[in-house]
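The values are calculated or read from the model by the stated rules, or taken from the named source; none is laboratory data. Please read these numbers as outputs of a predicted model, since none were measured by experiment. Heads up, the Cβs are rebuilt from the backbone with ideal geometry, glycines too, and the neighbour counts pull from every protein chain shown.
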Amino acid sequence: MNIFKFRDQLIDEYRSYVTSFIKIADPRIRDFAESCFSKGALWPEPLIQLNPTFKPGKTIEELSTEGLLQPVCSEIFRRDKTAGPGSGATLRWARYYHCLTPSSPSHLDKKRSCIP
């Protein structure tokens with residue numbers, strides 16, 4: 001799949017949908033509106049963002065074992081799982097997210113010190 005071709009197709013369909021509601025009688029106003037549509041006034045250019053890399057933290061299974069997450073989390077949050085229990089690969093949280101998961105009110109001070 002080419003994401004940019006997909007975006008163009010989506011914009012074309014959206015433009016068709018939006019303009020189907022607009023019936024402008026005055027030719028000057030209609031030309032101005034069409035000019036705005038052609039310039040992409042209602043749909044911005046594609047935006048590509050990169051997320052920062054965080055230091056790897058503990059796995060979901062480790063956090064569940066330690067009581068920081070409910071035990072069922074280690075069954076739910078897995079990569080490439082199938083219908084069978086325990087299938088798939090465990091996921092690893094970034095250290096930043098791990099620090100935002102207090103198991104009790106006593107962890108709140110640690111929570112504040114973990115945020116970069």
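If you go through the stretch 90-116 and keep only what is farther than 10 Å from I60 by Cβ and either among the hydrophobic types (A, V, I, L, M, F, W, C) or at pLDDT 85 or above (or both), you end up with A94, C99, L100, L108, C114, I115.
Which residues, counting only those in the stretch 5-41, are of a type in the set (D, E) and assigned to a helix (DSSP H, G or I)? Residues satisfying the conditions are D8, D12, E13, D31, E34. Scanning the stretch 62-93 for residues that are in contact with a strand residue (DSSP E or B) (Cβ under 8 Å, 6 or more places away or on another chain) and on the phi > 0 side of the Ramachandran plot, we see that the one that is surrounded by the most Cβ atoms within 10 Å (Cβ to Cβ) is G88.
Tell me yes or no: at least one residue of the stretch 60-78 is at pLDDT below 85 and touching an Asp or Glu at 6+ places or on another chain (Cβ under 6 Å). Checked the stretch 60-78: at least one residue is at pLDDT below 85 and touching an Asp or Glu at 6+ places or on another chain (Cβ under 6 Å). Under the condition of being of a type in the set (D, E, K, R) and either surrounded by 12 or more Cβ atoms within 10 Å (Cβ to Cβ) or under 30 Å from R78 (Cα atoms) (or both), the residues counted in the stretch 35-61 number 3.
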